[in-house]
Every structure is written in structure tokens, then in C-alpha cells.
Amino acid sequence: NAGVTQTPKFRVLKTGQSMTLLCAQDMNHEYMYWYRQDPGMGLRLIHYSVGEGTTAKGEVPDGYNVSRLKKQNFLLGLESAAPSQTSVYFCASTPPPGGQPQHFGDGTRLSIL
Amino acid sequence: LAKTTQPISMDSYEGQEVNITCSHNNIATNDYITWYQQFPSQGPRFIIQGYKTKVTNEVASLFIPADRKSSTLSLPRVSLSDTAVYYCLVGDKSPMIKAAGNKLTFGGGTRVLVKP
């Protein structure tokens with residue numbers, strides 16, 4: 001039982017490059033979330049999805065886009081990476097009806113030079 | 001959205017009980033209190049959730065007074081492997097995440113260091 005799987009685990013980008021982070025869950029969860037965590041801080045919600053084909057903005061959505069084409073996958077895109085987006089990114093999911101508790105992946109550590 | 005306040009850090013020793021108190025003065029009627037644990041290089045892991053009074057599972061206990069303006073996570077007989085950051089969250093257990101923003105906010109957490 002894999003739970004929530006994030007790929008890649010590490011990545012280094014140059015400013016202006018684009019990339020997509022993949023989150024996959026095998027628990028048939030409806031709700032999925034993308035967070036970022038910066039040193040010494042808690043998690044901040046970037047975007048979330050309440051079901052296949054739907055997405056919504058969280059607390060810090062600027063500079064990111066998301067897609068939920070399949071129920072099990074939630075993609076986070078950076079179109080033009082900036083050093084301020086250097087962070088650890090966590091994906092989470094919850095079963096119906098959503099909310100808490102959330103099941104988290106082990107994160108993607110992203111560095112932008 | 002209820003804001004939470006918890007100590008930045010706590011030190012303890014193996015075998016002791018650790019109690020972490022979280023303040024949430026503006027908790028709403030529909031809000032539940034949830035605690036997560038996070039180890040370095042890992043995602044947060046659900047520990048316990050409660051609405052009122054006391055909840056206990058195999059890992060921890062959660063004490064919530066009648067006014068629900070605070071809660072205390074109790075970790076019995078900690079070991080070195082309990083060294084982690086512990087987050088207190090307050091929010092709806094059920095859905096209806098509003099379009100205006102997130103319903104769940106992770107604060108800075110409490111860094112617990114268990115010493116031998």
C-alpha cells in the first residue's frame with residue numbers, strides 16, 4: 001500500500017525553467033492538496049482539489065498551476081521558476097468527506113538557482 | 001479560521017511524559033482539533049483528533065477543556081524516536097473548503113527534542 005507518492009524527490013532548477021511535480025495516491029481519495037514548507041515554518045497551502053477536474057487556490061497560489069485530470073493524480077506546475085520558490089513541497093490527500101486527517105507524501109525538495 | 005498558538009520548542013528525556021498545549025481562542029463550533037507529527041525529510045503524520053473532553057489512542061492522548069479554547073497533546077513515556085515537530089491544527093473535519101481560501105492552517109509547530 002503506497003499511500004501518497006511524490007516524484008521527483010529532489011530537483012535543482014535554474015531561474016526561468018519550468019517543471020511539474022507529480023503526486024499520486026492509491027487510496028481513492030477525493031481531496032488532494034499541495035503545500036510548501038519553508039525553513040522554520042509550517043506548511044502553507046498552495047492549491048487544492050475537491051475532485052477530478054476541479055482545482056482551487058489556497059493561501060499562496062501565485063506562480064503555480066495545478067491540474068487534476070485523473071482522480072489519483074494531482075500535478076503542480078511551475079511555469080517560470082523563481083528563487084523564491086525554493087522550498088519543500090508536500091502533497092496530501094483525504095478520503096471523503098475531506099478536511100482532516102490528511103495523508104501526506106514525503107515531499108519534493110526543490111532548489112532554484 | 002481559528003489561529004493556533006503553541007510553544008516553539010520543548011526538551012524532554014526518555015521515559016518522561018511530554019505535554020504540548022495549543023491555544024485556539026477563536027475555535028468555531030464545527031472545528032475539530034488535530035495533531036500531526038513530522039520527522040525531518042518526511043511529510044506530517046496524523047497522530048490524533050478530537051472535538052471535546054479526552055481522546056486516547058495507542059500513540060497519544062488529547063485533552064480538551066469544556067471551553068475548547070485550548071488543547072493538550074500528551075505523549076506518554078517518550079523515546080528518542082519521538083523527537084519531531086508537532087503541529088496543532090483547528091478546522092472542519094468535514095468538507096466544504098471555501099473558495100476564499102484554505103480551511104486548514106499549519107502553524108510553526110512545536111519542536112520536541114527527547115534526550116537520552
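The values are calculated or read from the model by the stated rules, or taken from the named source; none is laboratory data. The structure presented is a predicted model; accordingly, all values stated were derived computationally and were not measured. Glycine gets a Cβ as well: all are built from the backbone with ideal geometry, and neighbour counts include every protein chain shown. All accessible areas refer to the heavy atoms of the entire protein, side chains included, with ligands and DNA or RNA removed. Shrake-Rupley method; radii C 1.70, N 1.55, O 1.52, S 1.80 Å.
Numbers for the structure displayed
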read-out	value
Sparse-neighbour loop sites [trypsin sites (Lys or Arg not before Pro); the range A:21-92; at most 16 other C-beta within 10 Å; DSSP]	A:K70, A:K71
Percent carbon-and-sulfur accessible area, the range A:4-112, ignoring ligands, DNA and RNA, probe 1.4 Å	54
B:K69/A:L113 FRET efficiency (R0 41 Å; Cβ-Cβ; nearest 0.05)	0.35
Per-residue ³J(HN,Hα) for the range B:80-89, Karplus 6.51 cos²θ - 1.76 cosθ + 1.60, θ = phi - 60°, Hz, x for Gly and Pro	4, 6, 8, 4, 5, 9, 10, 10, 9, 10
Amide proton proximity set for B:S70, modelled H, under 5 Å, gap of 5+	B:H24
Length-normalised contact order of chain B in % [C-alpha pairs under 8 Å, at least 6 apart]	36
Karplus (6.51, -1.76, 1.60) ³J(HN,Hα), θ = phi - 60°, over the range A:59-76, in Hz, Gly and Pro reported as x	6, 10, x, 5, x, 10, 10, 9, 8, 9, 6, 10, 4, 7, 10, 9, 9, 10
Relative contact order of chain A, defined on C-alpha pairs under 8 angstrom at six or more residues apart (%)	36
Average accessible area per residue (Å²) across chain B - probe 1.4 Å, nucleic acids and ligands excluded	51
Check: the range B:9-115 dipole with +1 on Lys, Arg Cβ and -1 on Asp, Glu Cβ, in debye	280
Length gained when the stretch A:D26-A:T5 is fully extended (0.36 nm per residue, less Cα-Cα span)	6.7 nm
Shielding score for A:101-108, defined as the mean number of other chain Cβ atoms within 10 Å	5
Among A:L22, B:V55, B:I33 - extreme Cα towards positive end, dipole of the protein assembly as shown, charges at beta-carbon	A:L22
Sites A:N73 and B:S23 - FRET efficiency at Förster radius 41 Å, r taken between beta-carbons, to 0.05	0.60
